[in-house]
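One structure below.
The values are calculated or read from the model by the stated rules, or taken from the named source; none is laboratory data. Being a predicted model, the structure only gives us computed values, none of them experimental. Virtual Cβ from ideal backbone geometry, glycine too; neighbours counted across all protein chains shown. Note: accessible area is taken over every heavy atom of the protein model, side chains too, but ligands, DNA and RNA are not part of it. Shrake-Rupley method; radii C 1.70, N 1.55, O 1.52, S 1.80 Å.
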Amino acid sequence: MPKITYIEDSGKEHVVEAPVGQTVMEAAVKHAVPGIDADCGGACACATCHVYVDPEWLAKTGEQNSMEQSMLDFANDVETNSRLSCQIKVTPDLDGLVVRLPKSQH
């Protein structure tokens, strides 16, 4: 199973094994990673699963679709590497993925 590292704003790391096909948000919620609220449950309707994808992983996580781009308008402190973790499907190529969490989702 691919391993994903979530890094809180404080620097605390959480390494999670995520099944292929699950989303990065689902893996975080299943393993109680703090800072991923996922209020809408993964429907791309709330932007509370905002993460910063480590730049070296951006190409492997795929492109943002128009819905994700619209929802990121509601996230705090959006940067060029911002993504909604509910829109990133775990694949074998994402083994070692590193995402950073914003200071707050609200």
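Before we move on, is VAL99 without any contact (Cβ under 8 Å) to a residue 24 or more places away in the chain and open to solvent by less than 80 Å² (accessible area, probe 1.4 Å)? When the stated conditions are applied, VAL99 does not pass them.
The set of residues in the stretch 78-96 that are crowded, with 18+ Cβ neighbours inside 10 Å and in contact (Cβ under 8 Å) with a residue 60 or more places away in the chain comprises SER85, CYS86, GLN87, ILE88, VAL90, LEU94.
Checking each residue in the stretch 34-55 for being free of Cβ contacts under 8 Å to residues at least 40 places away in the same chain and either under 21 Å from PRO92 (Cα atoms) or buried (at least 19 other Cβ atoms within 10 Å of the Cβ) (or both) picks out CYS46, PRO55. With respect to ALA75, is the statement that it is at pLDDT below 95, of a type in the set (Gly, Ala, Ser) and either on the phi < 0 side of the Ramachandran plot or open to solvent by 60 Å² or more (accessible area, probe 1.4 Å) (or both) true? Taking the combined requirement at face value, the residue satisfies it.
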